[in-house]
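Colleague: Provided herewith is a single structure, encoded as structure tokens, for subsequent inquiry.
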Amino acid sequence: MCTVWAKCSCRCNKHHYERPRASEGTTIVLGAGNQSQLSFRGRHAQVIDNTPLSFKVNFEYTRGEDFEFIDTVYTPTAGAQPELDPDFNFEIIRTNAALYYELNNSTDIILDYGYGEGSNIGVTNLGRNQINGWNFQYLNARLVSDHWYATVYNTWNDAGNTYQINGRTNNYHALLAAGENEAEAKRKSLLPVEEGGVGFPGFIDKSQRFNAEVQYNNTIGEDLYYVVGANFQRDIADSEGTYLYDVNGPIKINQFGAVLQVEKPFGDIFKFVGAARIDKHDYYDTQFSPRLALTAKAGKGNFRMTYSRAYAAPSIQFMEFLFPFAGGAIIGSGEGLTTREFTQSLIDGSITYGDTRTIDPLQPEKVNTFEFGYKGMLAEKLAVDFTSWYSKSRDFLSPAVSLFQVNPAELTITGEQIIKKGDTDIPEEYGNLHITYLNYGEVSSYGADIGLTYFINNKFSIGAKYMYFDSDITDEDKFEDDPALENLAPETRAALRTLNAPNHRANFNFSAANLFDDKFSASVNVRIVPEYDFRSGQQIATEEGAGTRVPGTLYNYGPLGGFTTVDLSAGYKLSEVFHVGASVTNLFDTEQREFVGSPMIGRLVNVELKINLDWNKD
């Protein structure tokens, strides 16, 4: 779908999608690699007997085995224990089919259906999930022409048999402690109380979303181009109370939006782009988002300056989470919260309560961004792409924040317990160890990217890219006087000052194309990622405290990044029908840890055979 925020003009017409009429034929790709990788991809496009009807079908199947990593779960009954029986196999299925009706050479009506399903291990703020058969479907009807774009579509989710690994591990050890044998404890660890378990650790997701959008574009006079559009979105979130606060039925949220964009050249050098968008959401006030851009031709390239104001909307999870864990829960703050102070003894479990306070409903994060850049040729064979930017965020959206702190020296847990979400009381079964999401303060971020490509000749090129990113979020006294955070423990406030990204990154590449009678291509890519600290919820990956665990968090395996990897890829065209390719990711098997709660990623090798059956060619 075209968007008004595209850096180029949003000209939604027949050239912005692959029509079956222009790409008839069948393509099959077979792949295999280490880690038990097997894959199959297929595409078929065809015109139906020289009628206005045509169709295309895509299918993809991938399976393999992830690198093994067993995290530690801190259970109430047995202390630190390894995760119970994680399944490292992954499997992905995707397919879609689209029917096209050509009204004329510039207008199509399209009906499109797609389905996807996946099984793998997923990382969360609290630990890891065993995603098992989570599937997604969509049905889409759209009209595409030179001046009009209109679409309606609906999507559906189903969580399959997905469950929380640390939740199941807690259940297993609770059942062992209650006298069950190992086999029965494993079986019942996935069952709800009414079926003999101690609590269902899984997810139900029967959510769906409806979208409708219309856009019209045209030109006034010779060179004033404009796009006007409107859209509607309706979310129906339905977890049946397993991870959202939808115990009284599905959560329904509506959003409306309208947009206008104009483009106007001034002479042969300058071009102005202006846009404005208005959005109305059921949970927060109307948002106005303008964008202004000026481009100027210079030599064999273009300078650009832009200003934009946008907003980052809290997700449904941020607003409506109600996800239990041992002793507490993650609770969304979309309707505002009421909390009360508490102190709990770790000796006898007794609790004393203190003052209450209210936390305002979560609001969108507002971001003002200024950008300056240049893209073009510095010399006959040297291309450059440079971007620098500065942004200021207000009502910054926090990651998952713990409202409690474990104090081993005092043998207590202190903090705030959420007692109301909006006007609704939080049931006592959700404990007093709570995690939520907050708006706080102002954060300034800034950065620059520069990429250089040198074309040795029409077959060989070398490139380098450097990326810099920083923010005042890491300042030592940041947020110290922020009223939204004043009740949080000093360690929690300090965690919010984590950038969660490296300051510097770099890539280098060498490419060869169209060698040996235009049959062979290859590339070498080098990626450099320095070490950096990462914190979110109970996940922690920092240099300080590496190799230890602070109560209230998961085990700290040390900072992320800190690696340099080399990737290779090559392809050879055997004939018009057959093409072979191979790739090696992380050639030297470097220890590569990119995410919390995840394994070290080793060397991956993959080979593919591509078969093009252009059966309709004369």
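The values are calculated or read from the model by the stated rules, or taken from the named source; none is laboratory data. Remember, it's a predicted structure, so these values are computed and weren't measured experimentally. For neighbour counting, all protein chains shown are included, and Cβ atoms are generated from backbone atoms with ideal geometry for every residue, glycine included. Protein only, heavy atoms only, side chains kept; ligands, DNA and RNA dropped before computing areas. Shrake-Rupley method; radii C 1.70, N 1.55, O 1.52, S 1.80 Å.
Colleague: For segment 233-332, give me every one of the strands (runs of 3 or more DSSP E) that falls completely inside it and has 1 or more residues that are of a type in the set (S, T, N, Q) and within 24 Å of Asp385 (Cα to Cα).
Modeller: Numbers: elements: 251-266, 270-281, 284-298, 300-312, 322-325, 328-331.
Of the strands (runs of 3 or more DSSP E) lying wholly inside segment 233-332, those with at least 1 residues that are of a type in the set (S, T, N, Q) and within 24 Å of Asp385 (Cα to Cα) span 284-298, 300-312.
Colleague: Of the residues Asp85, Asp112, only one is modelled with pLDDT of 95 or more, on the phi > 0 side of the Ramachandran plot and either more than 30 Å from the chain's Cα centre (by Cα) or not aromatic (Phe, Trp, Tyr) (or both); which?
Modeller: Values: Asp112 fails: on the phi > 0 side of the Ramachandran plot.
Selected residue: Asp85, the only one of Asp85, Asp112 that is modelled with pLDDT of 95 or more, on the phi > 0 side of the Ramachandran plot and either more than 30 Å from the chain's Cα centre (by Cα) or not aromatic (Phe, Trp, Tyr) (or both).
Colleague: On to the next question. Any chance you could count how many residues in segment 328-349 are free of Cβ contacts under 8 Å to residues at least 60 places away in the same chain and in contact with a strand residue (DSSP E or B) (Cβ under 7 Å, 6 or more places away or on another chain)?
Modeller: 0
Colleague: Gly160 - would you say it is free of Cβ contacts under 8 Å to residues at least 60 places away in the same chain, within 23 Å of the chain's Cα centre (by Cα) and assigned to a loop (DSSP other than H, G, I, E, B)? Let's see the steps before the verdict.
Modeller: Numbers: free of Cβ contacts under 8 Å to residues at least 60 places away in the same chain: yes; within 23 Å of the chain's Cα centre (by Cα): yes; assigned to a loop (DSSP other than H, G, I, E, B): yes.
Against the criterion (free of Cβ contacts under 8 Å to residues at least 60 places away in the same chain, within 23 Å of the chain's Cα centre (by Cα) and assigned to a loop (DSSP other than H, G, I, E, B)), Gly160 qualifies.
Colleague: So, Leu99, is that one at pLDDT 90 or above, exposed (fewer than 14 other Cβ atoms within 10 Å of the Cβ), at negative phi and part of a strand (DSSP E or B) or not? Please lay out each step first, then the result.
Modeller: On the way: at pLDDT 90 or above: yes; exposed (fewer than 14 other Cβ atoms within 10 Å of the Cβ): no; at negative phi: yes; part of a strand (DSSP E or B): yes.
No; evaluated as a whole, the condition is false for this residue.
Colleague: Next question. State which residue pairs qualify: first residue open to solvent by 50 Å² or more (accessible area, probe 1.4 Å) and inside segment 372-389, second residue of a type in the set (Lys, Arg) and part of a strand (DSSP E or B) in any location, beta carbons under 7 Å apart, and separation of 6 or more residues or different chains.
Modeller: Qualifying pairs under 7 Å: Met377/Lys300; Asp385/Lys375.
Colleague: Name the residues in segment 20-32 that are small (Gly, Ala, Ser) and in contact with a Ser or Thr (Cβ under 8 Å, 6 or more places away or on another chain), would you?
Modeller: Gly31, Ala32
Colleague: For segment 332-360, enumerate the residues that are under 26 Å from the mean Cα position of the chain (by Cα), more than 16 Å from Tyr430 (Cα to Cα) and open to solvent by less than 50 Å² (accessible area, probe 1.4 Å). Before the answer, list the steps.
Modeller: First, the residues of segment 332-360 that are under 26 Å from the mean Cα position of the chain (by Cα): 332-336.
Now drop any that are not more than 16 Å from Tyr430 (Cα to Cα), which leaves 334-336.
If the condition is that a residue be under 26 Å from the mean Cα position of the chain (by Cα), more than 16 Å from Tyr430 (Cα to Cα) and open to solvent by less than 50 Å² (accessible area, probe 1.4 Å), then Gly334, Gly336 are the ones that fit.
Colleague: Any residue at all in segment 233-248 that's of a type in the set (A, V, I, L, M) and exposed (fewer than 14 other Cβ atoms within 10 Å of the Cβ)? Let's see the steps before the verdict.
Modeller: Filtering segment 233-248 down to residues of a type in the set (A, V, I, L, M) leaves 236-237, 244, 247.
Keeping just the survivors that are exposed (fewer than 14 other Cβ atoms within 10 Å of the Cβ) gives 247.
Yes; the residues of segment 233-248 include at least one that is of a type in the set (A, V, I, L, M) and exposed (fewer than 14 other Cβ atoms within 10 Å of the Cβ).
Colleague: Against the definition (in the same structural domain as Leu143 (by the TED database), without any contact (Cβ under 8 Å) to a residue 12 or more places away in the chain, within 30 Å of Phe323 (Cβ to Cβ) and open to solvent by 20 Å² or more (accessible area, probe 1.4 Å)), how does Asn254 come out, yes or no? It would help to see each step written out before you state the result.
Modeller: Values: in the same structural domain as Leu143 (by the TED database): yes; without any contact (Cβ under 8 Å) to a residue 12 or more places away in the chain: no; within 30 Å of Phe323 (Cβ to Cβ): yes; open to solvent by 20 Å² or more (accessible area, probe 1.4 Å): yes.
Answer is no for this residue.
Colleague: It is to be established whether one or more residues within segment 186-193 are part of a helix (DSSP H, G or I) and either open to solvent by less than 30 Å² (accessible area, probe 1.4 Å) or closer than 30 Å to Ala258 by Cα (or both).
Modeller: Keep residues of segment 186-193 that are part of a helix (DSSP H, G or I), which gives 186-188, 193.
Then keep just the ones that are either open to solvent by less than 30 Å² (accessible area, probe 1.4 Å) or closer than 30 Å to Ala258 by Cα (or both); that gives none.
The answer is no; no qualifying residue exists.
Colleague: Give just the number: which of (1) in contact with a Gly (Cβ under 9 Å, 6 or more places away or on another chain); (2) at pLDDT 95 or above; (3) closer than 23 Å to Phe210 by Cβ does Gln255 not satisfy?
Modeller: Unmet condition: (1).
Colleague: Among Thr77, Thr27, Thr3, which is out of contact with any Asp or Glu (no Cβ under 6 Å at 6 or more places or on another chain), among the β-branched types (Val, Ile, Thr) and either open to solvent by less than 50 Å² (accessible area, probe 1.4 Å) or modelled with pLDDT of 95 or more (or both)?
Modeller: Details: Thr77 fails: either open to solvent by less than 50 Å² (accessible area, probe 1.4 Å) or modelled with pLDDT of 95 or more (or both); Thr3 fails: either open to solvent by less than 50 Å² (accessible area, probe 1.4 Å) or modelled with pLDDT of 95 or more (or both).
When all the criteria are applied, what remains is Thr27.
Colleague: Kindly state which strands (runs of 3 or more DSSP E) lie completely within segment 396-510 and contain at least 2 residues that are open to solvent by 20 Å² or more (accessible area, probe 1.4 Å), closer than 30 Å to Asp567 by Cβ and among the aliphatic types (A, V, I, L, M).
Modeller: On the way: elements: 404-407, 412-421, 433-436, 439-455, 460-471.
Once the strands (runs of 3 or more DSSP E) in segment 396-510 are filtered for at least 2 residues that are open to solvent by 20 Å² or more (accessible area, probe 1.4 Å), closer than 30 Å to Asp567 by Cβ and among the aliphatic types (A, V, I, L, M), what remains is 439-455, 460-471.
Colleague: Another one. I need the full set of residues from segment 111-133 which are crowded, with 18+ Cβ neighbours inside 10 Å and in contact (Cβ under 8 Å) with a residue 60 or more places away in the chain, in order please.
Modeller: Thr124, Asn125, Leu126, Gly127, Arg128, Asn129
Colleague: Can you name the residue in segment 296-311 that is among the charged types (D, E, K, R) and touching a residue at least 60 places away in the same chain (Cβ under 8 Å) and is also most open to solvent (accessible area, probe 1.4 Å) among such residues?
Modeller: Let us first name the residues in segment 296-311 that are among the charged types (D, E, K, R), namely 297, 300, 304, 309.
Adding the requirement that they be touching a residue at least 60 places away in the same chain (Cβ under 8 Å) leaves 300, 304, 309.
Values: Lys300: 149, Arg304: 41, Arg309: 83 Å².
Here the answer is Lys300.
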